[in-house]
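Novice: Take this structure first; my questions come after.
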Amino acid sequence: MPNVGYVFDPLYLGHDMPGHPESAGRLRAIMSHLESSRMLENLQRIEPRDATNDDLRLIHSQPLIDAVETAASDGHHWLDVDTYVVPGSWAAALRSAGGMLAATEAILAGGLDSAFCLVRPPGHHSCPSRSMGFCLFNNVAIAAMHAIERRGLSRIAIVDIDVHHGNGTQDAFWSDRRVLYFSTHQFPFYPGTGDWDETGAGNIINVPLPRGCGDIEYLTAYERVCAPALRRFQPDLMVISAGFDAHFADPLALELLSTRGYYEIANLLKSLADELCGGKIIFALEGGYDHTAISWSVHACLDTLLGNPFTPDPLGPAPVVRGPDITVLLDRILELHHL
């Protein structure tokens, strides 16, 4: 059986605002499911650490770091209309970014084949100088830059499957050809970025999908665009911003992926990691706001890492509707990126 690790720390639950979509209940539901399904018995726990100021500075400005720490020490604050900070947020944010760093070190050391980081607060909307979109620090971006700057990796591929565009990750690596950023996301939708012609230095590939896309459309995008892009890039490590809010049950978006669809996407990404970088792949939790859907979608991704068949979930297949035709969009993206 493959050696698959996971990151979790109770500190992640201290960043919490009941009633907010991004509450600690999301992670409690996931952990409860993984325990009751005995999935955790097949995984190796990775001990997370706190990110240091130097770690955070790999991506973020010092004024942003100071602002988050001050807001947490002062009590309850809103950094923008969506993004809260409470007294437990600072410890959670440091341990969240540090959990990603610990997983990266474990994978690069060779003790584990892959990992899933059950971290929060999430990160992919957090820009170098601005926290936004439920996100405080950009966990995935910090880990990617750590692997490049400190561990000597040449090429990191970040694949973002969240239903929202990871504007923070795109901003962090806009002109950095050492990082390939690939994202599928509902468009137009929050945060308003991620159109197909946003390409950075040629290292940014956005697939802005219309509402109503389901398993067929998503898998087509990953097979036609993501797979050849990754094969051309030849990454040393793959990092997945694993948001599950494109699920048909999610209350905040309008896509129609099923849990089986997430399994197939994760299975493709794992196969590409096996082919291109010795299986080194790290999933990091981002969005997903229906507790049943996110719990079973995490389970599905872990099944792929463990080499298990798909485990049927109680939500079942997506509604049977005809999805939009994305052929012209994908052809345009393929031509733009010479794929």
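Laboratory data are not the source of any read-out in this text; all were calculated from the coordinates shown. Model, not experiment: these values are computed from the prediction. So basically every Cβ, Gly included, is an ideal-geometry build from the backbone, and we count neighbours across all protein chains shown.
Novice: Restricting to the chain, what percent of DSSP beta bridges are antiparallel, rounded to 5?
Specialist: 10
Novice: Which of the listed residues, Leu136, Ala229, Gly243, is farthest toward the dipole's positive end in region 4-336, when Lys, Arg count +1 and Asp, Glu count -1 at the beta-carbon?
Specialist: Ala229
Novice: Expressed as a whole number of Å, what is the distance separating the alpha-carbon centroids of region 138-195 and region 1-60?
Specialist: Answer, in whole Å: 20.
Novice: Still on this structure, please answer the following. Going toward the positive end of the dipole of the chain, with +1 on Lys and Arg Cβ and -1 on Asp and Glu Cβ, which of Asn308, Ala67, Tyr263 do you reach last?
Specialist: Farthest along the dipole direction, towards plus: Asn308.
Novice: Just for the Cα atoms in the chain, what are the lengths along the principal axes, largest first, rounded to whole Å?
Specialist: Computed over the Cα atoms, the extents are 51, 44, 41 Å.
Novice: If each DSSP helix of 4+ residues adds -39,500 (n - 2.57) and the sum is divided by the residues in the chain, what number results at 222 nm, nearest 500 deg cm²/dmol?
Specialist: For the chain, the value works out to -11500 deg cm²/dmol.
Novice: Here is a further query. Among 211-219, 277-285, 48-56, how do they line up by average Cβ neighbours within 10 Å per residue, starting with the highest?
Specialist: The peptides rank, most packed first, as 277-285, 211-219, 48-56.
Novice: Any idea what log10 I(q)/I(0) is at q = 0.15, 0.20, 0.27 Å⁻¹ for region 126-200, Debye with uniform C-alpha scatterers and no solvent?
Specialist: Ignoring solvent entirely, the Cα scatterers give -0.48, -0.85, -1.41.
Novice: With +1 on each Lys and Arg Cβ and -1 on each Asp and Glu Cβ, and nothing else charged, work out how big the dipole of the chain is about its Cα centre, in Debye to the nearest 20.
Specialist: 540
Novice: Please build a GNM for the chain, connecting alpha carbons under 10 Å apart, and tell me which residue among Gly166, Gly19, Gly307 fluctuates the most.
Specialist: Gly19
Novice: Still on this model: Take the Cα radius of gyration of region 1-149 and divide it by 2.2 N^0.38 Å, with N its residue count; two decimals is plenty.
Specialist: 1.03
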